[in-house]
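The values are calculated or read from the model by the stated rules, or taken from the named source; none is laboratory data. As the structure is a computational prediction, the values presented were derived from the model and not from experiment. So basically every Cβ, Gly included, is an ideal-geometry build from the backbone, and we count neighbours across all protein chains shown. For accessibility, only protein heavy atoms count, side chains too; no ligands or nucleic acids. Shrake-Rupley method; radii C 1.70, N 1.55, O 1.52, S 1.80 Å.
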Amino acid sequence: QVQVVESGGGLVQAGGSLRLSCVASGITLADSAMGWYRQAPVKEREFVAAIFSGLATHYGDSVKGRFTISKDNAKRTVFLQMDTLKVEDTAVYYCNVFPADESNSWGPGTQVTVSP
């Protein structure tokens, strides 16, 4: 069973940057597609970015050009570099396999708060 631990969230001003990390176990990153997702208050969880075994990437429309997903297979870690953050990026960010839905097991996530 895949287990993940997300970290790197925090409070940042609009226009700033954060880098999230996700350490995954129970999965071989080199062979797997992984994704970042987020859930804002009173909203459903939404897709943010994905990276595939061949290192191709895919982004949600709201983060294209601002966020970059990457991974280090040897360290079992997936990263999300978030630049030019906006207030509307405020959410709890989760890492999981891609694709994933509410039937998957989810980690605790990491809170990102962007202030005006």
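A few comments on the model shown:
- Summed residue charge, Cβ within 15 Å of TRP106's Cβ, Lys/Arg positive, Asp/Glu negative: -3
- Selected from GLU102, GLU46, GLU88 as most flexible by GNM, with the chain as the system and alpha-carbon contacts under 10 Å: GLU102
- Measuring between their Cα centroids, the stretch 60-116 and the stretch 1-20 lie 7 Å from each other.
- Exposed loop sites here are trypsin sites (Lys or Arg not before Pro) assigned a DSSP state other than H, G, I, E or B and surrounded by at most 10 other beta carbons within 10 Å; excluding them, the longest clear run of the chain is 65-116.
- Mean shadow area of the stretch 1-115 over all directions, Cα convex hull, nm²: 6.4
- Between VAL12, VAL42, VAL78, the Gaussian network model of the chain with springs among Cα atoms under 10 angstrom shows the greatest mean-square fluctuation at VAL42.
- Ligands, DNA and RNA left out, the accessible area of the chain computed with a 1.4 Å probe is 51% carbon and sulfur.
- Computed with every protein chain present, the accessible area of THR113 is close to 50 Å² [probe 1.4 Å].
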